[in-house]
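K.L.:
Take a look at the following structure, please.
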Amino acid sequence: MFIFPDLGGAEAAESWYLALLGFAEHFRTSSPPKIRLCVHCLQAVFPFKPPQRIEARTHLQLGSVLYHHTKNSEQARSHLEKAVSIQQFEDVKFEAASLLSELYCQENSVDAAKPLLRKAIQISQQTPYWHCRLLFQLAQLHTLEKDLVSACDLLGVGAEYARVVGSEYTRALFLLSKGMLLLMERKLQEVHPLLTLCGQIVENWQGNPIQKESLRVFFLVLQVTHYLDAGQVKSVKPCLKQLQQCIQTISTLHDDEILPSNPADLFHWLPKEHMCVLVYLVTVMHSMQAGYLEKAQKYTDKALMQLEKLKMLDCSPILSSFQVILLEHIIMCRLVTGHKATALQEISQVCQLCQQSPRLFSNHAAQLHTLLGLYCVSVNCMDNAEAQFTTALRLTNHQELWAFIVTNLASVYIREGNRHQELYSLLERINPDHSFPVSSHCLRAAAFYVRGLFSFFQGRYNEAKRFLRETLKMSNAEDLNRLTACSLVLLGHIFYVLGNHRESNNMVVPAMQLASKIPDMSVQLWSSALLRDLNKACGNAMDAHEAAQMHQNFSQQLLQDHIEACSLPEHNLITWTDGPPPVQFQAQNGPNTSLASLL
């Protein structure tokens, strides 16, 4: 405890205050921080009956230290509420209101946070930095509550305010943020003119090079994700290339220490390191959709390595979101390349991340059950696959994810062979010939493939060929390599059944080449079996033997991976269909080694 002399006068008051503040800062920045001593120093200000400005600032500092460094939220809230209640000192009031609303949200008191922010916004119009920051904060709060209409309205107000105070940079930030929410709402007619306006503002704005490039990254990320949501893998390539060049430019720029002259410009969208991870992430998304799975693996490894480094120093929730989305994509790649055991362990990793954050789980529960459904299909546990997909459908409102799940559930019903009523109901809801529920080129092509698969199993070969040729036309238009490979091998199978060996060979050989390039283990297995039978039927003994050897090799690899996956304790996740992810898993008695689903 420090003992202070009885000092009087403004000059002395300032010196004792600065001394206490200096001690408090010393203890706060010590290694390790000495928070208790820091708090004692700040509390020692009040017995001196300081001027109101110092009193308000000290309450703010105590509230901030207690909120960020301790679990004593009650005292933190008390100090911040006092800082907000002291009149006149608006800079203190706005900072305290911002921090207090964060604390309210952490305590699930969102209804207390909203009016606090609205009042602060109302009285902060003469303080551009805080007015913009509080608008962003309230918009984010509405977004977290999935009230995207209110969030968009606030971002629109912010954009107009930024224009009035002469900040084109922050106007662009507001507009791009609004564009992001409009994309989430699928309001594409509003998105297109907004992104066009944003592009013009970004190109015309002359200011800090890092801020300008960060705006370009934000703009290009929205464009790339818009294309990928639409399943336009080929069309997105120019934008993706620009985005990758842009992040390279940012990495060579040095942070400018000079502060902007306009206080409304004092914002950054994301740190450079976060932007780098985000660009890796959208590259992985593109590579997975296009069927460049080795490239997806390469960029996932880079991004996860960068994330591990960042998470040592930064506990920002967005890093965990990036990590989960990366894992979701690489898990799908693993299932295609025949690495089910690794995929299952990564699904378990996503579960662990979601256990640490209820919000993360709420946002990714449907995706997690979808991944488990895909894993179940890969190990031929069709009842569990149906249960997982049904759970995912119950948990999602996202149209594209819904269509993806329904398409996969339909393929499960086709393979089971005895679910005609449910299957017809699903196929009617994703009819690619009319009223397809989403605008995604990729998902519509996949719906044609599922129709073709169903027609094939029913022996309606001409109808199957029509659907599969439509899939080929669409997948070739946008370089959807995996759909192309699947369609070619199924067409090859149809021609083989019809006795047209030459046409079958013309389909199966390119299917095998493309599947090897992806690489898609299931299509390679299927293609090698067809090549074996084709060559045998045509009397090509050596080629038939070579294809048979390939088929045996693929079978052995898949069987070994199948047994390993089913033997893992995490395999029991396939029975989880309700509530939060289970904390632990029991060991399996024995694996199901059937590979019928792959043949």
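The values are calculated or read from the model by the stated rules, or taken from the named source; none is laboratory data. Since we're looking at a predicted model, the values are computed, not measured. Heads up, the Cβs are rebuilt from the backbone with ideal geometry, glycines too, and the neighbour counts pull from every protein chain shown. Ligands, DNA and RNA are excluded from the accessible area calculation, which covers all protein heavy atoms including side chains. Shrake-Rupley method; radii C 1.70, N 1.55, O 1.52, S 1.80 Å.
K.L.:
Scan Leu573, Leu568, Leu558, Leu534 and give me the residue that is more than 36 Å from the chain's Cα centre (by Cα) and either surrounded by 14 or more Cβ atoms within 10 Å (Cβ to Cβ) or modelled with pLDDT of 95 or more (or both).
P.N.:
Checking each option against the conditions leaves just Leu534.
K.L.:
Among (1) closer than 19 Å to Leu20 by Cβ; (2) open to solvent by 40 Å² or more (accessible area, probe 1.4 Å); (3) under 32 Å from the mean Cα position of the chain (by Cα); (4) not basic (Lys, Arg), where does Gln61 come up short?
P.N.:
(3)
K.L.:
Additional query: Right, Ser320: touching a helix residue (DSSP H, G or I) at 6+ places or on another chain (Cβ under 9 Å), in a helix (DSSP H, G or I), of a type in the set (Gly, Ala, Ser) and open to solvent by 20 Å² or more (accessible area, probe 1.4 Å) or not?
P.N.:
When the stated conditions are applied, Ser320 passes them.
K.L.:
Taking segment 291-314, which residues are touching a helix residue (DSSP H, G or I) at 6+ places or on another chain (Cβ under 7 Å), over 16 Å from Glu328 (Cα atoms) and not charged (D, E, K, R)?
P.N.:
Scanning segment 291-314 gives Gln306, Leu310.
K.L.:
Now a separate question. Can you find, within segment 427-442, the residue that is modelled with the lowest pLDDT among those that are open to solvent by less than 20 Å² (accessible area, probe 1.4 Å) and under 17 Å from His398 (Cα atoms)? Steps first, answer last, please.
P.N.:
Of the residues in segment 427-442, the ones open to solvent by less than 20 Å² (accessible area, probe 1.4 Å) are 427, 430-432, 438, 440.
If we keep only those that are under 17 Å from His398 (Cα atoms) as well, we get 430, 438, 440.
Numbers: Ile430: 91, Val438: 86, Ser440: 90.
Applying the filter and picking the extreme gives Val438.
K.L.:
With (1) small (Gly, Ala, Ser); (2) part of a helix (DSSP H, G or I); (3) open to solvent by 20 Å² or more (accessible area, probe 1.4 Å) as the list, and Gly207 as the residue in question, which single condition is left unmet?
P.N.:
(2)
K.L.:
Follow-up. For Val377, only one of the following conditions fails: (1) open to solvent by less than 20 Å² (accessible area, probe 1.4 Å); (2) at pLDDT 95 or above. What is its number?
P.N.:
Among (1) open to solvent by less than 20 Å² (accessible area, probe 1.4 Å); (2) at pLDDT 95 or above, Val377 violates only (1).
K.L.:
Need at least 2 residues that are touching a Ser or Thr at 6+ places or on another chain (Cβ under 9 Å) and at pLDDT 85 or above per element, so show me which helices (runs of 4 or more DSSP H) inside segment 1-87 make the cut, counting only ones lying wholly within it.
P.N.:
The qualifying helices (runs of 4 or more DSSP H) are 35-43, 52-69, 73-85.
K.L.:
Okay, moving on. Inside segment 135-182, can you point out the residues that are in contact with a His (Cβ under 7 Å, 6 or more places away or on another chain) and closer than 20 Å to Val221 by Cβ?
P.N.:
Answer for segment 135-182, where residues must be in contact with a His (Cβ under 7 Å, 6 or more places away or on another chain) and closer than 20 Å to Val221 by Cβ: just Ala151.
K.L.:
From the set of residues in segment 111-137 that are under 18 Å from Val165 (Cβ atoms) and among the hydrophobic types (A, V, I, L, M, F, W, C), which is most open to solvent (accessible area, probe 1.4 Å)?
P.N.:
Ile123
K.L.:
Does segment 493-512 hold any residues that are of a type in the set (S, T, N, Q) and part of a helix (DSSP H, G or I), and which are they?
P.N.:
Ser504, Asn505, Asn506
K.L.:
Now a separate question. Taking the options Ala392, Ala403, Ala385, name whichever one is in a helix (DSSP H, G or I), touching a helix residue (DSSP H, G or I) at 6+ places or on another chain (Cβ under 6 Å) and either aromatic (Phe, Trp, Tyr) or farther than 27 Å from Ala464 by Cβ (or both). Steps first, answer last, please.
P.N.:
Working: Ala403 fails: either aromatic (Phe, Trp, Tyr) or farther than 27 Å from Ala464 by Cβ (or both); Ala385 fails: either aromatic (Phe, Trp, Tyr) or farther than 27 Å from Ala464 by Cβ (or both).
Exactly one of Ala392, Ala403, Ala385 is in a helix (DSSP H, G or I), touching a helix residue (DSSP H, G or I) at 6+ places or on another chain (Cβ under 6 Å) and either aromatic (Phe, Trp, Tyr) or farther than 27 Å from Ala464 by Cβ (or both), namely Ala392.
K.L.:
Here is a further query. Please give the number of the condition Glu145 fails out of (1) open to solvent by 40 Å² or more (accessible area, probe 1.4 Å); (2) touching a residue at least 12 places away in the same chain (Cβ under 8 Å); (3) closer than 30 Å to Ser31 by Cα.
P.N.:
Glu145 satisfies all of (1) open to solvent by 40 Å² or more (accessible area, probe 1.4 Å); (2) touching a residue at least 12 places away in the same chain (Cβ under 8 Å); (3) closer than 30 Å to Ser31 by Cα except (3).
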